[in-house]
1. If each residue of separation counts as 0.36 nm, what is the full-extension length gain between residue 75 and residue 18 once their alpha-carbon separation is subtracted?
2. Return the long-range amide H neighbours of residue 62 (sequence gap of 5 or more, or a different chain), with a cut-off of under 5 Å between placed amide H atoms.
3. Convert each backbone phi in the range 52-64 into a coupling constant with the Karplus relation 6.51 cos²θ - 1.76 cosθ + 1.60 (shift: θ = phi - 60°), then list the ³J(HN,Hα) values in order as whole Hz, x for Gly and Pro.
4. Which pairs, out of 41/77; 58/150; 41/168; 42/118, put more than 18 Å between their alpha-carbon atoms?
5. Give the long-range amide H neighbours of residue 39: residues separated by 5 or more places, or on another chain, with amide H under 5 Å away, using H modelled in the peptide plane at 1.01 Å from N.
6. Would you give the gap between the C-alpha center of the range 124-172 and the C-alpha center of the range 1-80, rounded to a whole Å?
7. Only bridges with both residues in the chain count here: give the DSSP antiparallel percent, nearest 5.
8. Quote the relative contact order of the chain in percent (integer), defining contacts as alpha-carbon pairs under 8 Å separated by 6+ residues.
Amino acid sequence: MFKKKKYILLLITLFILFFVYRVYIINKNVPTEFSIEYFHKKEVIKCENINIKILSSKIGDAKNNNITPITIEAEIKNKNDHVTTDGALFIETMLGINNYTSQTNEGNFDMNNLKKMKPHQSTKIKLVYQVNDFALENKSKNLILYLPTKLYNNEAHDKYNQGIRYAKAIKL
C-alpha cells in the first residue's frame, strides 16, 4: 500500500514538473519590459522607410452629439531610393487621450499617393479624429499619437529580442 502511494505521489510530482517546465519554455522569450519612445511636435520621427513630422494639432469646437474633432497635420517623406507603401500605414495611427483611444480614416489625404510614394517624395496630410467629449472633459492636453509598429518593424523586433516591448509615440 505504501509503495502504491509513493508511486502515485512521484507520478503527480513529475506531471506537475512537466507542466511547470512547459510554461517556462513557452514564456521565456516574452518581453518583461515595456518602453515607449516619445517624440514632440516638429520633431522628425525616423521609421524604416519614411520620416514623419507632425506640423500641427488642433482641438476643434464640440459639434452635435458631443463629438469634438481633433485635427493633426503631418508631413511624410519617403527616405528610400525605391517606392514605398508605408505612407498609407500612417493612417493607422491611434490617438490616445489618457485612457481613451481613437482611430480615423477621415481627413485630407490622397491614399493612392500614400500607397505609392516615389523615392524622396514628401507629402502633407491632415487627419481628423472624432473624439467624445468625455475624453476631453478636463481639457486634457495629454494627446498622444501612437505609431503602428509596422512602420518600424525591424527596430521593434530587435528590442523584442532584448526582452523589451517597444513603441513610438508623439506627444501633441
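Values quoted throughout were computed directly from the atomic coordinates according to the rules given, and no laboratory measurement underlies them. Quantities reported herein were computed from a predicted structural model and do not represent experimental measurements. Using ideal geometry, Cβ is built from the backbone for each residue, glycine included, and neighbour counts are taken over all protein chains shown.
1. Working: separation 57, 0.36 × 57 = 20.52 nm, distance 5.40 nm.
15.1 nm is the gain from fully extending residue 75 to residue 18.
2. none
3. Along the range 52-64, the couplings run 10, 9, 7, 7, 7, 9, 9, 8, x, 8, 4, 9, 5 Hz.
4. On the way: 41/77 16 Å; 58/150 26 Å; 41/168 13 Å; 42/118 23 Å.
Among 41/77; 58/150; 41/168; 42/118, the Cα-Cα distance tops 18 Å for 58/150; 42/118.
5. HN-HN under 5 Å from residue 39: 169, 170, 171.
6. After rounding, the separation between the Cα centres reads 12 Å.
7. Percent antiparallel among DSSP bridges in the chain is about 80.
8. On the way: 316 pairs, mean separation 47.3, N = 172.
Averaging sequence separation for qualifying contacts and normalising by length gives 27 percent for the chain.
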